[in-house]
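First comes the structure, then the notes that go with it.
The values are calculated or read from the model by the stated rules, or taken from the named source; none is laboratory data. All of these numbers come straight from a predicted model, not from anything done at the bench. Cβ atoms come from the backbone with ideal geometry, glycine included; neighbour counts cover every protein chain shown.
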Amino acid sequence: MKGRVLIIAGSDSGGGAGIQADIKAVSAMGAYAATAVTAVTVQDTTCVHAVHDVPPDIIRRQIEVVLDDIGADAIKIGMVGSVAAGEAILAGLADAPGVPVIVDPVLVATSGDSLGRGEVADFLREQLIPLASVVTPNLPELEALSGLKLGGDETIKKAAKALLDLGAQAVLAKGGHGDGQTLTDLLVEADGKAVTFENQRIATMSTHGTGCTLSSALAAGIAQDMPLSKATGRAIAYVHEAIASAPGFGRGHGPVNHLVRSSFSD
């Protein structure tokens with residue numbers, strides 16, 4: 001086991017997304033997962049039935065005690081949920097100077113249900129994205145955070161640059177919401193370097209938690225001192241195979257197979 005990842009995110013009772021998916025993904029990569037829960041969701045593959053916010057002081061204390069005792073080689077931030085939670089996270093990050101921060105800007109669940117109120121996007125844009133080593137938005141999130149209407153590769157690059165201009169060191173624009181059979185994920189770094197990753201779309205409903213899973217697998221690679229492009233490629237390949245071998249659980253968007261193959265941790 002190599003690399004410690006502190007995951008700050010919400011819980012998914014269905015186990016396919018959120019903290020549950022994050023732990024499984026980090027473990028599949030051969031890294032160690034610790035957590036700070038921001039919210040408890042009543043969720044299955046069909047929808048988010050309810051959300052219970054964790055008190056901000058408890059969020060901050062979770063972060064503080066994990067960092068003080070176990071430490072972290074990377075910090076992944078998923079569902080923030082509220083500005084109060086975001087402020088608690090921000091306070092907790094003060095105890096981890098220099099630790100890479102991976103921000104997965106979770107605003108809407110795969111089912112379409114909101115996981116962050118309107119002001120959360122503003123908080124992400126103004127407070128958390130400037131601290132990020134990598135931001136991992138899907139296309140709707142990239143559009144919301146950049147304020148730009150996406151309509152092709154050039155606008156995606158322009159929107160990614162808008163997030164880099166906020167202070168992020170790199171942006172991984174996930175192409176799963178794009179059109180066509182070929183899905184393109186675009187990694188753009190602050191120095192202008194850009195790498196694309198292409199995969200064929202898989203015809204399936206088993207896509208619940210793919211964003212959480214990808215960002216956590218990426219965080220594990222960063223915690224293991226992998227070069228960013230290599231860590232990104234490994235995370236994307238892992239998610240692709242996890243989707244392809246999904247168990248088919250649930251009546252809606254089902255979970256992926258997080259334990260698809262142990263060789264990813266080699």
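For (1) touching a helix residue (DSSP H, G or I) at 6+ places or on another chain (Cβ under 6 Å); (2) at pLDDT below 90, each residue gets a yes or a no:
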| site | (1), (2) |
| --- | --- |
| GLY30 | yes, no |
| ALA33 | yes, no |
| THR38 | yes, no |
| GLN43 | no, no |
| GLN62 | no, no |
| ALA96 | yes, no |
| VAL108 | no, yes |
| LEU115 | no, yes |
| GLU119 | yes, yes |
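State yes or no: is VAL83 more than 13 Å from ALA9 (Cα to Cα) and touching a helix residue (DSSP H, G or I) at 6+ places or on another chain (Cβ under 7 Å)? Yes; evaluated as a whole, the condition is true for this residue. Selection of the range 12-28 for residues being assigned to a helix (DSSP H, G or I) and of a type in the set (Ser, Thr, Tyr) yields only SER27. For the range 29-62, filtered to residues that are of a type in the set (S, T, N, Q) and assigned to a strand (DSSP E or B), the residue that is nearest to TYR238 (Cα to Cα) is THR35.
The single residue among ALA168, ALA173, ALA159 that is more than 17 Å from the chain's Cα centre (by Cα), crowded, with 17+ Cβ neighbours inside 10 Å and either at pLDDT 90 or above or not in a strand (DSSP E or B) (or both) turns out to be ALA159. Annotation for the range 236-254: no member residue is among the β-branched types (Val, Ile, Thr), in contact (Cβ under 8 Å) with a residue 60 or more places away in the chain and either in contact with a Cys (Cβ under 7 Å, 6 or more places away or on another chain) or more than 21 Å from THR45 (Cβ to Cβ) (or both). Within this structure, LEU148 passes the test of being touching a residue at least 12 places away in the same chain (Cβ under 8 Å) and assigned to a loop (DSSP other than H, G, I, E, B).
ALA31 meets the conditions (1) farther than 22 Å from GLU119 by Cβ; (2) surrounded by fewer than 19 Cβ atoms within 10 Å (Cβ to Cβ); (3) aliphatic (A, V, I, L, M) in every case but one. The failed one is (2). Among the residues of the range 201-221, the one identified as at pLDDT 95 or above and more than 20 Å from VAL106 (Cα to Cα) is GLY221. Residues of the range 46-61 that are over 22 Å from HIS253 (Cα atoms), of a type in the set (A, V, I, L, M, F, W, C) and surrounded by fewer than 19 Cβ atoms within 10 Å (Cβ to Cβ): ILE58 alone.
For ILE129, the criteria (1) part of a helix (DSSP H, G or I); (2) surrounded by 18 or more Cβ atoms within 10 Å (Cβ to Cβ); (3) at pLDDT below 90 hold in every case but one, which is (3).
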